[in-house]
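Let me begin by presenting the structure, written as structure tokens, before commenting on it.
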Amino acid sequence: MNIVWLASEVVPFAKTGGLADVSGALPEALAERGHQVSVILPWYPQITGKLNLVFDETIDLLGVPFGDKTEWASIHKLHGESRNLTFYFIEYNRFFDRPTLYTWDGAEYADSAQRFIFFSRACMQAILKLRLHPDILHANDWHTALACVYLQSPLYRNDPNFSNCRSILSIHNIGYQGIFPKSNLYWTGLGWEYFHCDCLEFYDQINLLKGGIMTADRVNAVSPTYAREILSPEYGFALDPALRHRAYYGALRGIINGIDIHVWNPAADKNLPACYNAEDLTGKQICRHALQDMFHLPKRDDVPLFTSISRFAVQKGLDVFADALSSLLDENDFQFIVIGSGDKNLENWFRFHAQRHPDKFAVYVGFAKDDVSHLAEAGADFFVMPSRYEPCGLNQMYSMRYGTLPIVRRTGGLADTVLSYNYKNADQATGFVFWDLYPDALAQTIRWAASVRKEHPEDFRQMIHNAMTHDFSWNNTAAQYERMYEDAHR
């Protein structure tokens with residue numbers, strides 16, 4: 001197939017979260033399976049420009065209708081490592097020459113609606129300019145969801161370039177929807193006939209993600225459990241009626257993400273002081289000592305070591321973790337390392353724990369570079385991930401790949417990827433799962449995991465082997481996307 005992938009961020013060019021990881025890995029996996037894949041993303045001079053990329057071609061004078069005018073952008077072409085993979089960067093400095101992707105000083109850019117309405121329209125114009133003739137137009141999250149609306153509109157649906165095209169919308173996190181005043185419909189070039197409950201209208205505003213949900217040929221959530229959860233008011237963020245409508249007609253899917261098993265490979269990871277594999281864990285012990293050294297914790301092998309790498313946000317359940325730590329640090333001989341940033345109250349709470357228990361708890365406030373994050377995944381016994389909701393999650397898969405058993409709440413992709421230990425299933429279990437998001441529930445699960453490490457070492461080692469040998473490669477995921485693409489054409 002000829003696939004055009006639209007995303008606001010793509011590894012290694014720009015990243016704030018999991019969308020970038022997926023947009024970097026899945027198109028490559030599809031290309032390696034023989035599909036022609038074109039990835040279109042914005043050109044961020046202050047971010048992507050630092051990579052000093054050498055383009056294969058630059059196409060000037062891309063006309064983009066915007067409001068009642070035509071704006072002019074450029075397209076930079078870059079071939080990927082696979083011969084079937086090509087990246088196209090839309091350069092328009094008025095909207096994308098920013099120091100960060102989406103926010104400044106904790107607030108969303110005031111012109112966010114205009115930025116990504118423009119980008120969605122620019123993607124459609126770039127497809128025409130490049131004569132790509134896609135079979136699949138794959139949009140991701142609210143930033144590009146408007147492309148699905150455009151494909152169904154008179155602006156593009158009768159153009160020969162789109163004659164065989166079907167659209168897919170992937171929802172990576174339904175908590176972010178692109179909700180703006182309805183006056184922004186002006187910038188789209190679409191008429192008021194698109195401002196209704198079956199398209200863009202949302203409580204007298206426009207909702208770009210909703211528009212994509214209602215018009216895409218198929219809607220995909222990034223795990224099967226999350227696809228079911230978002231049908232409920234608890235997890236649907238007020239879009240559950242629209243999603244139930246699409247699910248009723250068989251248009252909603254859930255496909256679990258994969259991970260890059262070449263980047264996340266403890267047997268060949270240059271970020272680690274020693275490599276190891278499922279059959280020989282000697283190097284993991286060396287990584288443990290290096291991690292304890294890095295965070296100034298005592299080099300002890302007799303205590304369980306827990307890590308967490310996360311945004312400090314309500315979604316991630318870090319407030320519950322912070323509360324649970326009070327009793328855990330007072331009552332148990334454990335070591336904890338927490339890495340991340342976000343909510344200032346949580347940052348200060350974790351700093352308080354580090355000052356109060358310097359031999360048991362350490363925190364790094366900031367974005368962890370690869371050497372720190374990879375070592376944190378490799379050197380610990382357990383990885384704590386108590387999310388309120390988690391569309392897919394990647395860190396639990398990274399930690400399993402490195403033989404660090406995840407402790408997760410049963411939600412979204414965490415439920416789909418971690419099989420909980422129960423004393424009878426050590427030959428299959430890969431971690432520890434709890435249900436109720438309360439400090440006591442999390443604390444008791446952490447204590448439970450520690451007790452298995454101490455009292456059932458054979459089960460503990462077997463679980464490490466299970467986790468490390470589980471296949472989370474993108475090849476399996478790509479095959480499921482292929483089936484969804486084929487189904488969209490039926």
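When you look at Leu185, is it crowded, with 17+ Cβ neighbours inside 10 Å, in a helix (DSSP H, G or I) and at pLDDT 95 or above, yes or no? Before you say what the answer is, go through the steps one by one.
Values: crowded, with 17+ Cβ neighbours inside 10 Å: yes; in a helix (DSSP H, G or I): yes; at pLDDT 95 or above: yes.
Judged against the criteria, Leu185 is a match.
Mind listing whichever residues of the range 18-53 are free of Cβ contacts under 8 Å to residues at least 12 places away in the same chain and not in a helix (DSSP H, G or I)? First the steps, then the outcome.
Our first condition is that a residue be free of Cβ contacts under 8 Å to residues at least 12 places away in the same chain; within the range 18-53, this holds for 49-50, 52.
Listed by number, the list holds a single entry, Asn52.
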Report yes if some residue within the range 414-422 is touching a residue at least 40 places away in the same chain (Cβ under 8 Å), of a type in the set (S, T, N, Q) and within 24 Å of Gly236 (Cα to Cα); otherwise report no. yes
Are any residues in the range 321-346 under 25 Å from Gly175 (Cβ atoms), open to solvent by 10 Å² or more (accessible area, probe 1.4 Å) and not hydrophobic (A, V, I, L, M, F, W, C), and if so, which ones? Asp323, Ser341, Gly342, Asp343, Lys344, Asn345
Please give the number of the condition Thr16 fails out of (1) under 25 Å from Arg166 (Cβ atoms); (2) open to solvent by 50 Å² or more (accessible area, probe 1.4 Å); (3) in contact with a Phe, Trp or Tyr (Cβ under 9 Å, 6 or more places away or on another chain); (4) at pLDDT below 95. (1)
One residue is enough: does the range 200-218 have a residue meeting the conditions crowded, with 22+ Cβ neighbours inside 10 Å and more than 30 Å from Asn164 (Cβ to Cβ)? yes
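Yes or no, residue by residue, for (1) open to solvent by 40 Å² or more (accessible area, probe 1.4 Å); (2) outside any helix (DSSP H, G or I); (3) over 29 Å from Phe367 (Cβ atoms); (4) in contact (Cβ under 8 Å) with a residue 40 or more places away in the chain:
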site	(1), (2), (3), (4)
Arg228	yes, no, yes, no
Ala238	yes, yes, yes, no
Pro241	yes, no, yes, no
Val263	yes, yes, no, no
Pro266	no, yes, no, yes
Leu291	no, no, no, yes
Asp302	yes, yes, yes, no
Asp319	yes, no, no, no
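Considering each of Gly80, Gly106, Gly63, Gly67 in turn, give the residue that is of a type in the set (Gly, Ala, Ser) and under 17 Å from Ile3 (Cβ atoms).
After applying the criteria, what remains is Gly80.
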Would you list the helices (runs of 4 or more DSSP H) that sit entirely within the range 54-166 and hold 3 or more residues that are among the aliphatic types (A, V, I, L, M) and under 26 Å from Ile179 (Cα atoms)? 112-130, 141-152
Give me a count of the residues in the range 359-413 that are in contact with a Lys or Arg (Cβ under 7 Å, 6 or more places away or on another chain) and among the small types (Gly, Ala, Ser). 4
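Test Arg490 against the criterion of being of a type in the set (Lys, Arg) and under 14 Å from Arg253 (Cβ atoms), and give yes or no.
Working: of a type in the set (Lys, Arg): yes; under 14 Å from Arg253 (Cβ atoms): yes.
Yes: the conditions hold for Arg490.
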Give the range 352-376 a look and list any residue that's touching a helix residue (DSSP H, G or I) at 6+ places or on another chain (Cβ under 9 Å), over 23 Å from Met468 (Cβ atoms), open to solvent by less than 40 Å² (accessible area, probe 1.4 Å) and outside any loop (DSSP other than H, G, I, E, B), or say none. His353, Phe361, Ala362, Val363
Among the residues of the range 78-99, is any within 24 Å of the chain's Cα centre (by Cα), open to solvent by 60 Å² or more (accessible area, probe 1.4 Å) and closer than 26 Å to Asp343 by Cα? yes
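The values are calculated or read from the model by the stated rules, or taken from the named source; none is laboratory data. Just so it is clear, the model here is predicted, and its values are computed rather than measured. Please note: Cβ atoms are built from the backbone with ideal geometry, for glycine as well, and neighbour counts cover all protein chains shown. Surface areas here come from the heavy atoms of the whole protein model, side chains and all, with no ligands, DNA or RNA. Shrake-Rupley method; radii C 1.70, N 1.55, O 1.52, S 1.80 Å.
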